[in-house]
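Below is one structure, written out as structure tokens; comments come after it.
The values are calculated or read from the model by the stated rules, or taken from the named source; none is laboratory data. What you are looking at is a predicted structure, and each value in this text was computed from that prediction instead of being measured. All Cβ positions, glycine included, derive from the backbone under ideal geometry; neighbour counts span all protein chains shown.
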Amino acid sequence: MWVRFTADFDWKPTPQSIIAYKAGMEQNVTRVCAAAALSVEKAVKCKPRKGTDDAEA
């Protein structure tokens, strides 16, 4: 799921790892990560960027 991070967000997919997303980044992330970021209002849904495999032709 494509999201745009509106604030810095640290995602912990496992207890041993952290992925740091910075405000302004547009990323394709897992649905679980997107749901966590959306629930704390640190991201909004967005459309895929041009030039990506997910972008509409």
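Check the range 25-43 and report whether any residue there is modelled with pLDDT of 95 or more, on the phi > 0 side of the Ramachandran plot and not charged (D, E, K, R). No, the range 25-43 contains no residue that is modelled with pLDDT of 95 or more, on the phi > 0 side of the Ramachandran plot and not charged (D, E, K, R). If I ask for residues that are outside any strand (DSSP E or B) and surrounded by 13 or more Cβ atoms within 10 Å (Cβ to Cβ), which ones from the range 25-34 would you list? Across the range 25-34, the qualifying residues are Met25, Val29, Cys33, Ala34.
Which count do you get for residues in the range 45-55 that are at pLDDT 95 or above and either surrounded by 12 or more Cβ atoms within 10 Å (Cβ to Cβ) or in a loop (DSSP other than H, G, I, E, B) (or both)? If you could, list the steps in order and put the result at the bottom.
Within the range 45-55, the subset at pLDDT 95 or above is 45-46.
If we keep only those that are either surrounded by 12 or more Cβ atoms within 10 Å (Cβ to Cβ) or in a loop (DSSP other than H, G, I, E, B) (or both) as well, we get 46.
Final tally of qualifying residues: 1.
Taking the range 8-23 as the region of interest, how many residues are part of a strand (DSSP E or B) and of a type outside the set (Gly, Ala, Ser)? Looking only at that region, the number is 9.
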